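Enquirer: Handing you a structure now.
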Amino acid sequence: TRPPAKPDPRCLTGRALCVSKASRTALWMVDGKVRTAMDVRFGSAYTPTREGQFKVNFKSRHHRSTIYHTPMPYAMFFSRGQAVHYSADFAARGYAGASHGCVNVRDKAKIAKVFAEIRPGDKVIVYK
């Protein structure tokens with residue numbers, strides 16, 4: 001895993017998936033303590049990943065994009081179709097590619113662990 005950024009202050013209370021664009025990492029945090037750290041990638045300039053404070057709207061273990069017709073395993077949706085999810089493409093090609101706005105995770109075991117623990121309503125913070 002890449003070295004994570006200092007967590008945004010909004011991540012230090014409660015349950016939060018803290019996503020740093022600068023470090024390209026996500027931290028699953030509970031009450032200010034890091035439970036899991038993961039490498040992530042984002043959308044391209046044409047389909048950027050939104051920044052801000054969101055909540056997990058719903059989870060879908062075996063999701064498939066209805067727009068791009070691609071698998072989105074362990075999807076945790078947070079903003080109008082954008083989700084944090086596992087990406088086989090990211091696992092295979094690394095940062096050579098990009099998502100269509102989602103936060104891609106390349107470590108399947110780590111995202112499966114977070115998916116099992118995170119609940120609808122938990123915070124998702126995406127920041128620079």
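Enquirer: Tally time: how many residues in region 1-20 are more than 19 Å from Tyr86 (Cβ to Cβ) and assigned to a loop (DSSP other than H, G, I, E, B)?
Expert: Number of matching residues: 8.
Enquirer: Residue pairs, Cβ under 7 Å, 6 or more apart or interchain, first in region 45-64 and farther than 13 Å from Phe77 by Cβ, second of a type in the set (Lys, Arg). List them.
Expert: Every condition considered, the pairs that remain are Glu51/Lys128; Gln53/Arg10; Gln53/Lys123.
Enquirer: Now a separate question. Taking into account only those residues within region 25-44 that are of a type in the set (D, E, K, R) and touching a residue at least 24 places away in the same chain (Cβ under 8 Å), which is farthest from Val114 (Cα to Cα)? Break it down stepwise before answering.
Expert: From region 25-44, those of a type in the set (D, E, K, R) are 31, 33, 35, 39, 41; that's our starting set.
In the following step, the residues that additionally are touching a residue at least 24 places away in the same chain (Cβ under 8 Å) were identified as 35, 39, 41.
Working: Arg35: 9, Asp39: 13, Arg41: 17 Å.
Applying the filter and picking the extreme gives Arg41.
Read the figures in this text as sums done on the coordinates, not as results from a lab. Since this is a predicted model, take the numbers as computed values, not measurements. Methodologically, a virtual Cβ is constructed for each residue, glycine included, from the backbone with ideal geometry; neighbour enumeration extends over all protein chains shown.
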